[in-house]
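The structure under discussion appears below in the form of structure tokens.
What follows draws every value from the coordinates through simple rules; no lab data is involved. Since this is a predicted model, take the numbers as computed values, not measurements. Cβ: placed from backbone, ideal geometry, glycine included. Neighbour counts: every protein chain shown.
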């Protein structure tokens, strides 16, 4: 694969992955795949997998060998720090040499990015003090307690603060890598990268870590799951409580009670949240008017849509859109 970005005279930017023992494979492989595809499309990147040892074992048990030694770095380079397994967080993650290497990289102006619990690694190196940062939602409180000088931001995908970029759990590392590449290669190029990754929508950093499509699923009721599956595919359709009960193979009364007990929401409230999720995507990634978005998402009354949005998000749809357009680049 080639692109107009190819040039033999271009000096490639090194993307240096710090690989620690107990690394989470997707934290490493996700951003690496993004940069690898960008390189194959002609962007001037070269990937390097480095550690202060020749090999490490991943959290999943896969041995990763022939790692490069930690190289001298400059402001042109990017360092990516993949996360490690949660059970490793109660022990030191960095040896003295690796810690010093990270600190020197930052001093030299190298941009340093972390994925998932990689933020804890940066905290151990003293790089989060006084900075906004994020991590996987499961360990947000733990990160704040460990490093009280950091300003840990909850429920965002990634945060950039003065050369330190931190991202949330697992797949958000892909979103962060795409954003970093977009800053250098432009939106058209990164859209091509996303297409090769079969990603239909690139999320920005301010989107929440957890989706309504995944929440409210921590139960074992098959009938309720069946209705949730149907609503996920048909969120914008008008449907009666009787029809939903039929999907669950239950009476209306039994279904209503079971759905509320399993999810904490009524079926109507759950469908409203699904519709708001669709509306969020359209608000952030289209030029449709608020009225058109409301209609597209199944709301017959734009005023009703605005009231629901205000209730759930605390601001109007218009204010949300303005906030998104002002979000600083990574």
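With the Cα gyration tensor of the stretch 35-81 giving a ≥ b ≥ c as the square roots of its eigenvalues, does the rule (a/c under 1.5 for rounded; else a/b larger than b/c for prolate; else oblate) give rounded, prolate or oblate?
oblate
Suppose only helical runs count, i.e. DSSP H with n ≥ 4. What mean residue ellipticity at 222 nm does that imply for the chain under -39500 (n - 2.57) per run, divided by all residues and rounded to the nearest 500 deg cm²/dmol?
Helices in the chain give a 222 nm mean residue ellipticity of -13500 deg cm²/dmol.
Report, for the chain, the % of DSSP beta bridges that are antiparallel, rounded to 5.
25 percent
Rounded, prolate or oblate: which one fits the stretch 61-153, using the alpha carbon gyration tensor with axes a ≥ b ≥ c (rounded when a/c is under 1.5, else prolate when a/b beats b/c, else oblate)?
Oblate.
What order do you get for 237-245, 274-282 when each peptide is scored by the mean count of other beta carbon atoms within 10 Å, highest first?
Per-residue mean Cβ counts within 10 Å order the peptides as 274-282, 237-245.
When the chain is treated as a GNM, springs tying every alpha-carbon pair under 10 Å, which of 155, 36, 256 comes out with the largest mean-square fluctuation?
Of 155, 36, 256, the most mobile in the Gaussian network model is 256.
What is the angle, in °, between the Cα long axis of helix 252-263 and the longest principal axis of the Cα atoms in the chain? Nearest 10 is fine, range 0 to 90.
20 degrees
Relative contact order for the stretch 13-197: what percent, with Cα pairs under 8 Å and sequence separation of 6 or more?
22 percent.
Given axes a ≥ b ≥ c from the Cα gyration tensor, I'd like to know whether the stretch 13-197 is rounded (a/c under 1.5), prolate (a/b larger than b/c) or oblate.
rounded
Can you tell me the 0 to 90 degree angle between the C-alpha axis of helix 267-285 and the longest principal axis of the chain, rounded to 10?
Around 50 degrees separate the two axes.
Let me check against my output: what whole-number percent is the relative contact order of the chain, with C-alpha pairs under 8 Å and at least 6 apart?
12 percent
Using just the alpha carbons, could you tell me how many Å³ per residue the convex hull of the stretch 222-318 encloses?
93 Å³
If we sort 76-83, 126-133 on the protection proxy, mean other Cβ atoms within 10 Å, highest first, what's the order?
Result, highest mean Cβ count within 10 Å first: 76-83, 126-133.
How much of the DSSP bridge set in the stretch 13-197 is antiparallel, in percent, rounded to the nearest 5?
25 percent
Kirkwood Rh over alpha-carbon pairs of the chain, then Stokes-Einstein at 37 °C and 0.692 mPa s: what D in µm² s⁻¹, rounded to an integer?
Roughly 150 µm²/s, to the nearest whole number.
Could you state the number of Å between the C-alpha centres of the stretch 219-260 and the stretch 89-117?
48 Å
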